[in-house]
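> Sharing a structure here in structure tokens format.
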Amino acid sequence: MTFIRAAGRLAALLIAVGLVSPAGAQTATDDSNYRSAQTFQDFKAAGGGEEDRPTILGRLEWQKARYGVIPSDFSQRMIAELTRQRSTYPQLAPGAAAPAGVPSWTSIGPTRANKTQNGIQLSVTDSGRLRNILPDPNDPNTLYVLSSSGGIWKTTNFESPYPTWTPITDKVITTSGGAAAMGRTAKTLYFGTGDPFDGIPLVGGAMLKTTDGGDSWSPFTLLPGAGMVLDIKVDTSGAQDVVLVSTDAGVFRSGDGGATYANVLTPAGVAGTRVWSLARSSAGWLATSASGGYYSPANLYRSVDGISWSAVSAATLTSGAGRITLSVGTPGDAVVYAYAAKAYPGSLKDLYRSADGGLTWTGLGLNAKAPVNPNEENLKMNLMRDQSFYNHMIVVDPSDPNRNTVYLGGQLNSAKTTDGGASWKLLTNWLSQFGLGYVHADHHTATVSLAGGKKRIMYGTDGGLFVSTDEGASWTDQKNVGLADHLIYSLATSGTDPKSVLVGLQDNGTRIRSGNTGVFNQSFGGDGFGVGWSQATGNSAMGSYVYGFIYYADKTPNIQKKWTEPNFDSASCTYNGIFACDAYFVTPIETPSAAADQLGNTYFTNTASGIYRTDNAGALWKPIFKGADYATYVRGSSHSVSVSPLDLNHVAAVSTGGTILITSDGGANWARSNNKVAGYAGFNSNVAYGSNAVIYVASENATGQSVYVVRTDNGGKSWKAAGAGLPNAPISKLAVLPNTGGKTVFAATFLGVYRSDNFGASWTQFGAGLPTVQVSDLYIPADGSFLRASTYGRGVWDVPLR
């Protein structure tokens, strides 16, 4: 263990005292050998409002720097691990009968909201990001939705004001949703795994099938080379379903109803070129691809039989284009629309229409057209704005015989044409402004249902499901109630009221639960990341946005006005003392125990080059470690800094190359401890203190290793493996049971929660009924009475510990 001092600019001091070389103390990148291409300066320069700034790019770049390029065998390894764990613990799977004495996990939401605040207060309910909406074509009460990381949900009473939703994929290999499609009956579904907008889907590029509405599923079929599924289309005109699947490894086809798949199209471009969209027109099958960077340049392909493909010369459509989404009113139509983004970076290229099945195209000139009801967010019809690789929603109304009625969605607004694109009317707005109905921002999917003779327009966005029964004149969000599929980064619980919970969510803000309820109200908008809540008094709380932006409250923050936003000093590039110019996109927050912080006002956070502490609940942050600007001393994980449960002097942070930074005197002196052992390669994700001597470190390495947890018994002087029995899968967070000195510890893994009662010598899966989902955070109260877990796609869960 190498000791270093922390005073002034650390790099210069290291050279002066000659203890370690600058190269040994810092790196230019994380363990991934990649540094985010988006900086705070880029983000801030993009505009003053949340809607102006490239949050999606920031999230993707953060994940890329954190995990690196996900290896091609990741899904296969996760499947092998899940299979091994399921065979070892079959009675702990969702739906199985738990053994006597084994506690069961209980979902506590979020399932609804009474108010949502993002500068404007609304009485609406959002849910998690949707990928597909699948209505039964005959029964208006049966409907399925695919959530990006929450799997498939089903209702059989959709016409009820508040439908009853049931998750039907909790026990399959993953809840990471890429795409889904209905077969020849409403009980036949094809499910492709791997969401394209999360950097590390648990298992991507696999296909499953159900023929009984989700009660049971076929064994999965891996699509070779694929890590995600972007679209699925099914031709039911023959004796068997013919299934086409678009992925990041080309187009796969099944001619036997999903029993087997063959790659039939490998598009031009670099490895990983994504085939974004499929459609069946009068000219045959169409597919669009985009390669390189963030999805450009583009190509269009055609196949008569779905087996043999050729490129279509369609420069009008593809020249200068990136991602393209296709839409037809009914499979086999001559009229096809193509919603095209510019080559990245860019906004809308145009909406195109073809009258010959996609052989030739005409641009409709959206960038030059104003809607009949323009607003300051969309003076013209560039609905995609500057997130053109992300916001792609188009649906053609099949009840219009001329195929002139089209619904489009982008970043903030949606619109409709009834004359084939000659004129447009804005229908919805992300904050229900300008007299428009409320639909959450970032549109991804839509459908028109005619079941039961009732036309319903349905949108799927970053905020879930939205429905209109009057062709877009009005909209309801209440069908989201009951969908527990939010994408949660972190959770915090009041130390004085265990029923009070804060969570930070992807594009659904910071939400608060008050009381024993599934209601989580949004009290701060945008993306919510780190959260903290005083364990001693329960009086102070905080949440974070991006790049060191931490808001704070000295009361229960159940409404937005109780939050205080940080001040930005442009001269020093700091938010209340935090150096934002070197902060990560995701800002973590560490809350000390009540025993360590009896006043309840101390919290910790970090940037790439600094570790910060506040003793006045966020009003001012001071560095207790400061390295050279723009170097990487602390990794960009979600839980990168930790503090001892015994005092505030023992602090540690995960560093690069399988090392941690650790201090025992509140930051006056720091040591870099190499925690690597045989089988442990690095990618440190979290530090957990059992005592000031017993410390654990976990890894989130996606490339695979045989040891995922290590332990020291002497404060970091030496380390040993402590992960026997854990799955070989990334770990997001460790949590030590209070008052055990580190003997009992829990691990939040990509394959569930595990427990060790012998200082990490052996681990077993803990609790029954938790879905197959990435667990993102853990919390245990001081009395050790329960364990709370947040997930990235299936909400928050509790399990009793005694």
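The values are calculated or read from the model by the stated rules, or taken from the named source; none is laboratory data. The structure displayed is predicted, hence computed values, not measured ones. Cβ placement follows ideal geometry from the backbone for every residue including glycine, while neighbour counts extend to all protein chains displayed. Quick note on the areas: whole protein, heavy atoms, side chains included, nothing else; ligands and nucleic acids left out. Shrake-Rupley method; radii C 1.70, N 1.55, O 1.52, S 1.80 Å.
> Can you give me the number of residues within segment 99-133 that are in contact with a helix residue (DSSP H, G or I) (Cβ under 6 Å, 6 or more places away or on another chain) and under 22 Å from Leu770 (Cβ atoms)?
Number satisfying all stated conditions: 2.
> Moving on to the next point. Here's a check for you: in segment 203-219, which residue that is crowded, with 19+ Cβ neighbours inside 10 Å and on the phi < 0 side of the Ramachandran plot is modelled with the lowest pLDDT?
Per the stated criteria, the residue is Val203.
> Next question. Checking the condition at pLDDT 95 or above and farther than 29 Å from Ile70 by Cβ, which residue from Tyr689, Tyr754, Tyr696 passes?
Working: Tyr754 fails: farther than 29 Å from Ile70 by Cβ; Tyr696 fails: farther than 29 Å from Ile70 by Cβ.
The unique qualifying residue is Tyr689.
> Would you confirm whether or not segment 271-278 contains a residue that is open to solvent by 20 Å² or more (accessible area, probe 1.4 Å) and more than 25 Å from Val395 (Cα to Cα)? Before the answer, list the steps.
First, the residues of segment 271-278 that are open to solvent by 20 Å² or more (accessible area, probe 1.4 Å): 271-272, 274.
Then drop every residue that is not more than 25 Å from Val395 (Cα to Cα), which leaves 271-272.
Yes.
> Any residue in segment 465-480 that is small (Gly, Ala, Ser) sitting within a Cβ distance under 7 Å of a residue that is surrounded by fewer than 17 Cβ atoms within 10 Å (Cβ to Cβ)? List the pairs, counting only those 6 or more apart or interchain.
Final answer for the pair search is Ser468/Ser474.
> Among Asn373, Asn367, which is the only one that is in contact (Cβ under 8 Å) with a residue 12 or more places away in the chain, open to solvent by 20 Å² or more (accessible area, probe 1.4 Å) and assigned to a loop (DSSP other than H, G, I, E, B)?
Values: Asn367 fails: assigned to a loop (DSSP other than H, G, I, E, B).
Testing whether each residue is in contact (Cβ under 8 Å) with a residue 12 or more places away in the chain, open to solvent by 20 Å² or more (accessible area, probe 1.4 Å) and assigned to a loop (DSSP other than H, G, I, E, B) leaves just Asn373.
> If Asn649 satisfies every condition in (1) surrounded by fewer than 24 Cβ atoms within 10 Å (Cβ to Cβ); (2) more than 27 Å from the chain's Cα centre (by Cα); (3) at pLDDT 95 or above; (4) closer than 27 Å to Thr39 by Cβ but one, which is the exception?
Tallying (1) surrounded by fewer than 24 Cβ atoms within 10 Å (Cβ to Cβ); (2) more than 27 Å from the chain's Cα centre (by Cα); (3) at pLDDT 95 or above; (4) closer than 27 Å to Thr39 by Cβ, Asn649 fails exactly one: (4).
> Would you pick out the residues in segment 256-306 that are part of a loop (DSSP other than H, G, I, E, B) and of a type in the set (A, V, I, L, M, F, W, C)? Please lay out each step first, then the result.
Of the residues in segment 256-306, the ones part of a loop (DSSP other than H, G, I, E, B) are 256-261, 266-273, 282-283, 291-297, 304-306.
Listed by number, the residues that qualify are Ala259, Ala268, Val270, Ala271, Ala283, Val304.
> Also: Val312 - would you say it is crowded, with 21+ Cβ neighbours inside 10 Å and in contact (Cβ under 8 Å) with a residue 40 or more places away in the chain?
On the way: crowded, with 21+ Cβ neighbours inside 10 Å: no; in contact (Cβ under 8 Å) with a residue 40 or more places away in the chain: yes.
Here the answer is no, as Val312 does not meet what is asked.
> While we're on this one: Sort out which residues of segment 220-237 are part of a strand (DSSP E or B) and surrounded by fewer than 21 Cβ atoms within 10 Å (Cβ to Cβ), and write them in order of number.
Of the residues in segment 220-237, the ones part of a strand (DSSP E or B) are 221-222, 229-235.
Thr221, Leu222, Asp235, listed by residue number.
> Another question, if that's okay. Can you give me the number of residues within segment 110-122 that are among the small types (Gly, Ala, Ser) and under 16 Å from Lys561 (Cα atoms)?
Kept after step one, since they are among the small types (Gly, Ala, Ser), are these residues of segment 110-122: 113, 119.
The next check asks that each one be under 16 Å from Lys561 (Cα atoms); those that pass are 119.
Residues that pass the stated criteria total 1.
> How many residues does segment 103-161 contain that are part of a loop (DSSP other than H, G, I, E, B), over 22 Å from the mean Cα position of the chain (by Cα) and aliphatic (A, V, I, L, M)?
1
> Where residues in segment 496-543 are of a type in the set (D, E, K, R) and in contact with a helix residue (DSSP H, G or I) (Cβ under 9 Å, 6 or more places away or on another chain), which of them is farthest from Trp62 (Cα to Cα)? First the steps, then the outcome.
Taking segment 496-543 and keeping what is of a type in the set (D, E, K, R), we get 497, 499, 507, 511, 513, 527.
Retained after the next criterion (residues that are in contact with a helix residue (DSSP H, G or I) (Cβ under 9 Å, 6 or more places away or on another chain)): 507, 527.
Details: Asp507: 15, Asp527: 14 Å.
Checked segment 496-543; the qualifying residue farthest from Trp62 (Cα to Cα) is Asp507.
> Can I ask one more? Does Ser147 satisfy being closer than 22 Å to Pro771 by Cα and open to solvent by 40 Å² or more (accessible area, probe 1.4 Å)?
Values: closer than 22 Å to Pro771 by Cα: yes; open to solvent by 40 Å² or more (accessible area, probe 1.4 Å): no.
For Ser147, the condition - closer than 22 Å to Pro771 by Cα and open to solvent by 40 Å² or more (accessible area, probe 1.4 Å) - is not met.
> While we're on this one: Filter segment 329-360 down to the residues that are in a loop (DSSP other than H, G, I, E, B) and either hydrophobic (A, V, I, L, M, F, W, C) or modelled with pLDDT under 95 (or both) and list them by number. Full working, then the answer.
Pass one, segment 329-360, residues in a loop (DSSP other than H, G, I, E, B): 329-332, 334-335, 343-347, 355-360.
Listed by number, the residues that qualify are Ala334, Val335, Ala343, Tyr344, Pro345, Gly346, Ser347, Ala355, Leu359.
> Among the residues of segment 155-171, are any touching a residue at least 40 places away in the same chain (Cβ under 8 Å), on the phi > 0 side of the Ramachandran plot and surrounded by 20 or more Cβ atoms within 10 Å (Cβ to Cβ)?
Scanning segment 155-171, I find no residue that is touching a residue at least 40 places away in the same chain (Cβ under 8 Å), on the phi > 0 side of the Ramachandran plot and surrounded by 20 or more Cβ atoms within 10 Å (Cβ to Cβ), so the answer is no.
> Also, quick follow-up: Give me the strands (runs of 3 or more DSSP E) completely within segment 630-705, filtered to those with at least 3 residues that are within 28 Å of Asp73 (Cα to Cα), ordered by residue number. Let's see the steps before the verdict.
Details: elements: 641-643, 651-654, 659-663, 669-674, 684-689, 695-699.
Answer list for segment 630-705: 684-689, 695-699.
> May I pose another question? Which members of segment 238-254 meet the condition of being in contact (Cβ under 8 Å) with a residue 24 or more places away in the chain, open to solvent by 20 Å² or more (accessible area, probe 1.4 Å) and outside any strand (DSSP E or B)?
Selection gives Ala249 alone.
> I've got another one for you. Surrounded by fewer than 23 Cβ atoms within 10 Å (Cβ to Cβ), touching an Asp or Glu at 6+ places or on another chain (Cβ under 6 Å), touching a residue at least 40 places away in the same chain (Cβ under 8 Å) and under 22 Å from Ser319 (Cα atoms): does that describe Gly357?
Working: surrounded by fewer than 23 Cβ atoms within 10 Å (Cβ to Cβ): yes; touching an Asp or Glu at 6+ places or on another chain (Cβ under 6 Å): no; touching a residue at least 40 places away in the same chain (Cβ under 8 Å): yes; under 22 Å from Ser319 (Cα atoms): yes.
Judged against the criteria, Gly357 is not a match.
> Just the residues that are of a type in the set (A, V, I, L, M) and touching a helix residue (DSSP H, G or I) at 6+ places or on another chain (Cβ under 9 Å), please, taken from segment 298-310.
Going through segment 298-310, the residues of a type in the set (A, V, I, L, M) turn out to be 298, 300, 304, 307.
Those that are of a type in the set (A, V, I, L, M) and touching a helix residue (DSSP H, G or I) at 6+ places or on another chain (Cβ under 9 Å): Ala298, Leu300.
> Any idea which residue in segment 575-615 is surrounded by the most Cβ atoms within 10 Å (Cβ to Cβ), counting only those that are of a type in the set (Val, Ile, Thr) and assigned to a strand (DSSP E or B)? Break it down into steps so the answer makes sense when it comes.
The initial filter retains those residues of segment 575-615 that are of a type in the set (Val, Ile, Thr), namely 578, 586-587, 589, 591, 602, 605, 607, 611, 614.
Add one more test, that the residue is assigned to a strand (DSSP E or B), and what stays is 578, 586, 605, 611, 614.
Working: Ile578: 28, Val586: 24, Thr605: 25, Ile611: 26, Thr614: 24.
Per the criteria, the residue is Ile578.
> Scanning segment 706-717 for residues that are in a loop (DSSP other than H, G, I, E, B) and in contact with a strand residue (DSSP E or B) (Cβ under 6 Å, 6 or more places away or on another chain), which turns out farthest from Ser32 (Cα to Cα)? Explain how you work it out, then say what you get.
Looking only at segment 706-717, we keep the residues that are in a loop (DSSP other than H, G, I, E, B), and these are 706-708, 713-717.
Now drop any that are not in contact with a strand residue (DSSP E or B) (Cβ under 6 Å, 6 or more places away or on another chain), which leaves 707-708, 716.
Values: Val707: 18, Tyr708: 17, Gly716: 24 Å.
So, considering only residues that are in a loop (DSSP other than H, G, I, E, B) and in contact with a strand residue (DSSP E or B) (Cβ under 6 Å, 6 or more places away or on another chain), the one farthest from Ser32 (Cα to Cα) is Gly716.
> Another question about this same structure. Which one is most open to solvent (accessible area, probe 1.4 Å), of the residues in segment 60-81 that are closer than 17 Å to Ser637 by Cβ and assigned to a helix (DSSP H, G or I)? Steps first, please.
We begin by selecting, within segment 60-81, every residue closer than 17 Å to Ser637 by Cβ; these are 60-68, 70.
Right, trim to assigned to a helix (DSSP H, G or I) and you get 60-67.
On the way: Leu60: 16, Glu61: 4, Trp62: 13, Gln63: 17, Lys64: 80, Ala65: 12, Arg66: 14, Tyr67: 11 Å².
Among those residues, the one meeting the criterion is Lys64.
> Which count do you get for residues in segment 376-430 that are over 25 Å from Pro345 (Cβ atoms), part of a strand (DSSP E or B) and either open to solvent by 10 Å² or more (accessible area, probe 1.4 Å) or among the aromatic types (Phe, Trp, Tyr) (or both)?
Residues flagged as over 25 Å from Pro345 (Cβ atoms), part of a strand (DSSP E or B) and either open to solvent by 10 Å² or more (accessible area, probe 1.4 Å) or among the aromatic types (Phe, Trp, Tyr) (or both) within segment 376-430 amount to 5.
> Has segment 620-636 got any residue that is without any contact (Cβ under 8 Å) to a residue 60 or more places away in the chain and crowded, with 24+ Cβ neighbours inside 10 Å?
yes
> Looking only at segment 754-777, count every residue that is under 19 Å from Tyr696 (Cα atoms) and within 17 Å of the chain's Cα centre (by Cα) and tell me the total. Talk me through it step by step, then tell me what you get.
Initially, segment 754-777 is screened for residues under 19 Å from Tyr696 (Cα atoms), giving 754-766, 775-777.
Retained after the next criterion (residues that are within 17 Å of the chain's Cα centre (by Cα)): 775-777.
Result for segment 754-777: 3.
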